[in-house]
Amino acid sequence: MEETLVQNDGIASLVEYIAKNLVDDPDSVKVVSKKSEDAIVIELTVSKDDMGKVIGKQGRIAKAIRTVVRAASVKSETKYIVEIV
């Protein structure tokens, strides 16, 4: 599976905005968009101390972020996948 970086993606900016407002160290938030064959993968990286805040209890916050991304991407008809690393 070949991946290429995506520049100026509004959905990635949305994920970055949400993550920076959840964590204690917003400077450590990094978002990278990669285009694969059938979707755009958004990789969200935060510091180890903030990982729990982004994932939430039983993954509820991570699921909510993915739901917001899915809703925001409906018009573009492109599948987005959010990975928290």
What is the one condition in (1) among the polar types (S, T, N, Q); (2) assigned to a helix (DSSP H, G or I); (3) modelled with pLDDT under 95 that Thr78 does not satisfy? (2)
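So which of Ala62, Ala19, Ala12 ends up being surrounded by 13 or more Cβ atoms within 10 Å (Cβ to Cβ), free of Cβ contacts under 8 Å to residues at least 24 places away in the same chain and within 11 Å of the chain's Cα centre (by Cα)? Talk me through it step by step, then tell me what you get.
Values: Ala19 fails: free of Cβ contacts under 8 Å to residues at least 24 places away in the same chain; Ala12 fails: free of Cβ contacts under 8 Å to residues at least 24 places away in the same chain.
So the residue among Ala62, Ala19, Ala12 that is surrounded by 13 or more Cβ atoms within 10 Å (Cβ to Cβ), free of Cβ contacts under 8 Å to residues at least 24 places away in the same chain and within 11 Å of the chain's Cα centre (by Cα) is Ala62.
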Return a yes/no flag: does region 5-27 have any residue that is farther than 26 Å from Ser76 by Cβ and in a helix (DSSP H, G or I). yes
In this structure, is Asp25 over 13 Å from the mean Cα position of the chain (by Cα) and over 11 Å from Ile84 (Cβ atoms)? yes
Go through region 2-15 and give me each residue that's of a type in the set (Asp, Glu) and either over 21 Å from Lys63 (Cα atoms) or at pLDDT 95 or above (or both). Glu2, Glu3
Quick one: in region 28-53, of everything that is farther than 11 Å from Glu83 by Cα and of a type in the set (Val, Ile, Thr), which residue is surrounded by the fewest Cβ atoms within 10 Å (Cβ to Cβ)? Val29
Could you count how many residues in region 66-78 are surrounded by 13 or more Cβ atoms within 10 Å (Cβ to Cβ) and either more than 10 Å from the chain's Cα centre (by Cα) or under 10 Å from Ile11 (Cα atoms) (or both)? 6
Of the conditions (1) in a loop (DSSP other than H, G, I, E, B); (2) of a type in the set (Asp, Glu); (3) within 22 Å of Lys79 (Cβ to Cβ), the single one that Glu43 does not satisfy is (1)
Write out, first by first residue and then by second, each pair whose Cβ atoms fall under 7 Å of each other, whose residues are 6+ apart or on separate chains, and whose first residue, in region 70-84, is of a type in the set (D, E, K, R) while the second is assigned to a loop (DSSP other than H, G, I, E, B). Lys79/Asp38; Lys79/Ala39
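The values are calculated or read from the model by the stated rules, or taken from the named source; none is laboratory data. Just so it is clear, the model here is predicted, and its values are computed rather than measured. Every residue, glycine among them, receives a Cβ derived from its backbone with ideal geometry; neighbour counts consider all protein chains shown.
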